[in-house]
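The values are calculated or read from the model by the stated rules, or taken from the named source; none is laboratory data. Not measured: the values here are computed from a predicted model. Backbone-built Cβ (ideal geometry, glycine too); neighbour counts: all protein chains shown. Ligands, DNA and RNA are stripped out before the accessible areas are found, and what is left, the full protein with its side chains, is counted by its heavy atoms. Shrake-Rupley method; radii C 1.70, N 1.55, O 1.52, S 1.80 Å.
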Amino acid sequence: MEEKFDIVAIGESLVELSTDEKLKDAECLHKYFGGDALATAVAAVRLGSKVGFISKLGNDAFKDFLLDAWKNEGLDISQITFSNEKNGLYLIARPSYLEKEFAFYRKKTATAKLSPDDISENYLGNAKVVYSTGITQSLSLSAKDAVFKCFQLAKNMQILSAYDPNFVSAVSSVDEAREYFDEVIYNVDILFMSAKHDLPILGIESIDAAIKYLWDKGVSIIIVKSGLDKGYYTGYNGNITFTEFYTHDVCDTTCSGDVFNGAFLHGLTHGCSPFEATKLASIAAGIQAKGIGAIKSIPYHDDVYSIFRGV
């Protein structure tokens, strides 16, 4: 019997080296792993979802560390393939909330070799939701084509697809991000966006107007994070609701949006309405942002649900 998944995510894998000191002062860097779609996958699996992760690893000194770490998380890694290119790496220092140093090395890495050949229709067919991001598309033309294939297959098989443009100016231009967005949007059912970073892709400033525009594009569920308003707007079935951030007492927001996405998809695939899933995801993202690093501070099921049940 083939294994069933709540979520299948396709994306980048990176080695993370982090510290709560300035990089110039740090004598020790903590090794972990990161990547935006990977953070989403881990957030969901720590809450109790069954999650598959599709990526490509380099045959370097970090390969076994990454594989073992993902197995220990409970991710299904049967679709991981390998290349002789190196694995990507980033360094993050967070000596205080107002201070952050970040450096990443992700060009010509193994994950950039992702291609449509790495996507199995049978594997995706066992998922409730397929997820990817603009970051994955930005890796290479072949990676962009792999994401397109994932969403097209999901549409054809009537499987939900979820997407986050996750626009970062250091990774792609606005025009490139718009190209990535336009290529997949008609196959997207669930869309996560940042009011500050992603709405410029649409050329629309109003969150309400953006949600209505996206409904017209055929997107069923839209979640917009607004730092200015300190919360999330959820648009579904003609209704738009606002959910405040769970906490403003944060230390490091690296990948908090990705953690929100994973928790939201977990909630949605476990009986929550989109509005309930937003509340659950806000808690998970808020707890994660209290720690240092992208993934190691992602909370587990009991930590999140003990709060969610009391809301």
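Descriptive notes on the structure:
- Check on residue 210, more than 19 Å from the chain's Cα centre (by Cα), modelled with pLDDT of 95 or more and small (Gly, Ala, Ser): yes
- The criterion of being open to solvent by 40 Å² or more (accessible area, probe 1.4 Å) and either modelled with pLDDT of 95 or more or of a type in the set (Ser, Thr, Tyr) (or both) does not hold for residue 261.
- Among residues of region 263-290 being closer than 30 Å to residue 20 by Cα and part of a loop (DSSP other than H, G, I, E, B), the one that is farthest from the chain's Cα centre (by Cα) is 290.
- Once region 1-39 is narrowed to residues that are among the aromatic types (Phe, Trp, Tyr) and closer than 25 Å to residue 108 by Cα, the residue that is nearest to the chain's Cα centre (by Cα) is 33.
- First in region 27-47 and closer than 16 Å to residue 76 by Cα, second anywhere and aromatic (Phe, Trp, Tyr) and open to solvent by 50 Å² or more (accessible area, probe 1.4 Å), Cβ under 7 Å, 6 or more apart: 46/300
- Residues of region 68-97 satisfying the condition of being in a helix (DSSP H, G or I) and surrounded by fewer than 15 Cβ atoms within 10 Å (Cβ to Cβ): 68, 71, 72
- Selection count where residues are under 21 Å from the mean Cα position of the chain (by Cα) and either among the acidic types (Asp, Glu) or modelled with pLDDT under 90 (or both), scope region 291-311: 8
- Tally of residues being under 23 Å from residue 182 (Cα atoms) and not in a strand (DSSP E or B) across region 208-237: 14
- Those helices (runs of 4 or more DSSP H) lying entirely in region 98-185 with at least 2 residues touching a residue at least 12 places away in the same chain (Cβ under 8 Å) and among the small types (Gly, Ala, Ser): 134-138, 141-156
- Residue 43 within 19 Å of the chain's Cα centre (by Cα), of a type in the set (A, V, I, L, M, F, W, C) and not in a strand (DSSP E or B): yes
- Checking each residue in region 276-293 for being closer than 14 Å to residue 190 by Cα and either out of contact with any Ser or Thr (no Cβ under 6 Å at 6 or more places or on another chain) or surrounded by fewer than 19 Cβ atoms within 10 Å (Cβ to Cβ) (or both) picks out only 277.
- Among the candidates 247, 253, 243, residue that is open to solvent by less than 40 Å² (accessible area, probe 1.4 Å) and modelled with pLDDT under 95: 247
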